[in-house]
1. Beta carbons within 10 angstrom, averaged per residue: use that to sort the peptides 101-109, 143-151, highest first.
2. Karplus couplings for the range 130-144 from phi (6.51 cos²θ - 1.76 cosθ + 1.60, θ = phi - 60°), rounded to Hz, Gly and Pro as x?
3. Enumerate the amide H contacts of Leu133 below 5 Å, restricted to partners 5 or more residues apart or on another chain; note that Pro and chain-start residues carry no placed amide H.
4. Quick check on the chain: helices-only [θ] at 222 nm, where DSSP H runs of length 4 and up contribute -39,500 (n - 2.57) each and the sum goes over total residues. Nearest 500, please.
5. What does the charge add up to near Arg44, with Lys and Arg as +1, Asp and Glu as -1, over the other residues with Cβ less than 15 Å from its Cβ?
6. Placing unit charges on C-beta atoms (Lys and Arg positive, Asp and Glu negative, everything else neutral), compute the dipole magnitude of the chain about its Cα centre in debye, rounded to 20.
7. In the set (i) -0.60; (ii) -0.54; (iii) -0.46, which value of log10 I(q)/I(0) by the Debye sum over Cα atoms at q = 0.11 Å⁻¹ was calculated from the structure you see?
8. Only Lys, Arg, Asp and Glu count, each charged at its Cβ (+1, +1, -1, -1), so figure out the dipole size of the range 5-90 about its Cα centre, rounded to 20 debye.
Amino acid sequence: MSESSLKDQLGSAVKDAMRNKDKIRLVTLRMAQAAIKQIEIDERRELSDEDVLKVLDKMLKQRRDAASQYDEAGRGELGDKERAEMAIIEEFMPAALSEDDLDSLIRMAISATGAQGMQDMGRVMNELRPQVLGRVDMGHLSKKVRAALAG
């Protein structure tokens, strides 16, 4: 069983954080490793890079939601902590897509699926998901696809 390169990168980053005594970075990366390990144990399989990206993407979404809730509650320091963790996790994500690239991918997915309207949104999203994983916020993608299908 060989480890995926993304898991290797996380492991190396944990060691670097330990050497540099970077506590926030170390805690965040260990949380990511623990989440990955938990899924591997639960599902009794080695996670691929794509699976690891899904885990990291979910962690980003959780932190994004938490940061906005903390900000709304007037707890800026806790929101800042969530954003700091997001910045660390984002280092392991693929480069974000530009709006133009995203629009182009949406047009190609609509064309490839032959989507006619809102009833085809699921098919379009399923077509796009593997191409954009970790490169765009899925809520943002959903709004753009909805707008494109609405005409």
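1. 101-109, 143-151
2. So the J values, rounded to whole Hz, are x, 6, 10, 3, x, 10, 7, 5, 5, x, 5, 4, 4, 4, 5.
3. Amide H to amide H, under 5 Å and 5 or more residues apart or across chains, Leu133 pairs with nothing.
4. On the way: 7 runs with 115 residues, N = 151.
Mean residue ellipticity, 222 nm, calculated: -25500 deg cm²/dmol.
5. Working: positive: Lys37, Arg45; negative: Glu40, Asp42, Glu43, Glu46, Asp51.
That sum, taken over residues with Cβ under 15 Å, equals -3.
6. 300 debye
7. (ii)
8. Details: 18 positive and 19 negative charges, 77 e Å.
The calculation lands at about 360 debye.
No lab work stands behind these numbers, since they all come straight from the coordinates. Note that the structure is a prediction, hence the values are computed from the model and not measured. Quick reminder, even Gly has a Cβ in these numbers, built from the backbone with ideal geometry, and neighbours come from all protein chains shown.
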